[in-house]
Protein chains: 2
Amino acid sequence: MSRSHVEVQTGLLARRAAQLATRAALVLTDENVAALLPAALAERPRHVLVPGEASKSWDELGRLLRALDAGGVDRDGHLVAVGGGVVTDLGGLAASLHRRGISWSAVPTSLVGQVDAALGGKTAVNLGGGKNTVGSFHPPADVVIDPGVLATLPRRHLCAGMAEVLKTALISGPEALDAAAALEPDDFAAATPAAVAVIEACVATKSALVEQDLHDRGPRRALNLGHTFGHAFEALALAGDPADSLLHGEAVALGLLCAARLAAGLPDADRELPARLTGTLRRWGLPTSSPLTAEPLLAEMGRDKKRAGGALRLVLAPRPGRVEIEDAVPADRIRAGLEAVRKSASTS
Amino acid sequence: MSRSHVEVQTGLLARRAAQLATRAALVLTDENVAALLPAALAERPRHVLVPGEASKSWDELGRLLRALDAGGVDRDGHLVAVGGGVVTDLGGLAASLHRRGISWSAVPTSLVGQVDAALGGKTAVNLGGGKNTVGSFHPPADVVIDPGVLATLPRRHLCAGMAEVLKTALISGPEALDAAAALEPDDFAAATPAAVAVIEACVATKSALVEQDLHDRGPRRALNLGHTFGHAFEALALAGDPADSLLHGEAVALGLLCAARLAAGLPDADRELPARLTGTLRRWGLPTSSPLTAEPLLAEMGRDKKRAGGALRLVLAPRPGRVEIEDAVPADRIRAGLEAVRKSASTS
């Protein structure tokens, strides 16, 4: 199946819990979210992850697949993944592999998950130090989005989700960007109508691109805006000092700024965009600078998407609603993009 | 992609070697086949497996994915898998997962591979004691079938392939079964025109079913004939005394006999079929009896395809060319099928 049934509604998780529980051969979640599961889902067999990116691993995938096998889940079985991007990325990958593919439902409980990670069927784990090196395209049958659950999200995680909101709004156009930039973290925590409308708009933008291009060879690539840079920040931070750790959304925030700096050099670019983006990210407590230096980031980016002579494919948005994909951006221009977030420059 | 370009021709591997080498970011093979690789392929980066079913494992899959990552193979990379079913099952699965899917070519060097395993895009490894518990549907771009390489195959492995030949011929019809049953092992080893024609017929039968039903929810299930029984023999043999080990094809031979015994009870069945099948299998040195007892086999089959009340879905061929899928065969009838190969009965 390549299309998911997506619903966005405050209170939806409680309303759908019994139905999801009936289908679930196994519920995948993490220790934080497990405490918040509706009773019907909490009673089903479950596999509980340690929260955090470290669970998005090859070894954890093996444990989950063994649990599906030991639980006697057959080809008609169904997995319900309730949690953030780590839970839905891992759960979707296990669902695509167990008995060569079972159906699954995604119940994203983070803002990143609701506007991005749980949509579109990209699944993955990290292997060999890279981000999402191993994965599949396996769209969930259902995506159950309940903005009401965002109230329970730690503030840092909520704010990280704003980076994906801004990315999607930038792709969509000026109105979407205005609506997103007008929100405060409390709007999401309270699931105000304005916040729910922004989530719905992100779902619509992403779903339209995925429907055209599930396998990410054409228009869907727009959604990689900020991510080639972002994955490099994320991978190096994951390998480095835990005090400098970055959530996925935080890495994407840095990536968006790098891409914006690069795009500002394109003809017809909105020259105010980098400053406007920086302002919004700061207001949300998102990083706008990094201690990481250019060379290791460049090497990591090359590993993500290798191209002849060190040139890389990058997605650039010179103005809201206009996305350009450059197939061979030379290393020098990429270095210039990385300058946008160099700690010494940005914090001075 | 869901269709593969399949070619069958003696001498094809040597003729296609340079072209395959140009595309191959990595060549996957095993220690036996590595020695026989054409020079052009032998010069490419390669990952060499220990021959045998034990390499079709989760851990080996992880090592192969790490090798693809370490080799900088990107989304446009291509894997060439040269070997038997273990090599193509594992290689296809790695290709489906690396960077969420790269293209691959299958070069089956075993008879099982040429008539069955390398066709149709079913990939898998074994996990948690079961057969093919983890896998995907990821058809190779090309399947390069060179019957000339069968000359190098150990006789036991060559003969094991006959079980899949007979399975496919049984599904196809009386003429196909007659043509297959008329062959001797030396026909395959010498790639006689009759043997090549049987390989081509198997490719045509399987390709037609796969084209109708890649995901094995409908007509393709006919190809599971003998395999629900067979996987149970194979899994228990794998876990047991190495002296009693079974190749995949040998386990399928036992499975075909069990299924034939069950099918002989259907109205309109060809009552001579079980005896005829037994005769052909014996002539090929394939097992027609097993020391394994019914209860552990039943338990293993239940794990393979669990159904309400211990009943199982089975594929039965009451006569050549007629395949019936029974959705809930009760345990008692399955036990009766297993009687067909009980050592004490068959060897008396």
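Listing for the model above:
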quantity	calculated
Selection from the stretch A:6-32 of residues that are part of a helix (DSSP H, G or I), surrounded by fewer than 18 Cβ atoms within 10 Å (Cβ to Cβ) and of a type outside the set (Asp, Glu)	A:12, A:14, A:15, A:18, A:19, A:22, A:23
Condition met for residue B:195 (in a helix (DSSP H, G or I) and within 14 Å of chain A (Cβ to nearest Cβ))	no
Filter result for residue A:255 (at positive phi and either modelled with pLDDT of 95 or more or crowded, with 23+ Cβ neighbours inside 10 Å (or both))	no
Failed criterion for residue B:111 (all others in (1) more than 20 Å from residue B:210 (Cβ to Cβ); (2) in contact (Cβ under 8 Å) with a residue 60 or more places away in the chain; (3) surrounded by 24 or more Cβ atoms within 10 Å (Cβ to Cβ) hold)	(1)
Residues located in the stretch A:41-53, provided they are surrounded by fewer than 17 Cβ atoms within 10 Å (Cβ to Cβ) and farther than 22 Å from residue A:69 by Cβ	A:42, A:52
Test result for residue A:3, buried (at least 16 other Cβ atoms within 10 Å of the Cβ) and basic (Lys, Arg)	no
Some residue of the stretch A:66-76 being within 9 Å of chain B (Cβ to nearest Cβ), in contact with a helix residue (DSSP H, G or I) (Cβ under 8 Å, 6 or more places away or on another chain) and aliphatic (A, V, I, L, M)	yes
Residues of the stretch B:33-56 that turn out to be closer than 30 Å to residue B:211 by Cα, without any contact (Cβ under 8 Å) to a residue 60 or more places away in the chain and in a loop (DSSP other than H, G, I, E, B), as a count	1
Lone unmet requirement of (1) at pLDDT 95 or above; (2) within 14 Å of chain A (Cβ to nearest Cβ) for residue B:149	(2)
Residue in the stretch A:32-39 that is farther than 18 Å from residue A:113 by Cα, under 25 Å from the mean Cα position of the chain (by Cα) and modelled with pLDDT under 95 present	yes
Residue match in the stretch B:118-138 (condition: within 29 Å of residue B:209 (Cβ to Cβ), within 15 Å of the chain's Cα centre (by Cα) and surrounded by fewer than 20 Cβ atoms within 10 Å (Cβ to Cβ))	yes
Search result, residues across the stretch B:72-81 that are at pLDDT 95 or above and of a type outside the set (A, V, I, L, M)	B:77, B:78
Residue that is in contact with a His (Cβ under 6 Å, 6 or more places away or on another chain) and away from chain B (no Cβ under 13 Å), where the choices are A:36, A:28, A:41	A:28
Subset of the stretch A:198-216 (residues that are touching a strand residue (DSSP E or B) at 6+ places or on another chain (Cβ under 8 Å), among the acidic types (Asp, Glu) and more than 14 Å from every other protein chain (Cβ to nearest Cβ))	A:200
Some residue of the stretch B:77-95 being surrounded by fewer than 20 Cβ atoms within 10 Å (Cβ to Cβ) and within 17 Å of residue B:135 (Cα to Cα)	no
Flag if residue A:94 is within 19 Å of the chain's Cα centre (by Cα), over 15 Å from residue A:142 (Cβ atoms) and within 11 Å of chain B (Cβ to nearest Cβ)	yes
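The values are calculated or read from the model by the stated rules, or taken from the named source; none is laboratory data. Values in this document were obtained by computation on a predicted structure and should not be read as measured data. Counting neighbours? That spans all protein chains shown, and the Cβs are built from the backbone with ideal geometry, glycine included.
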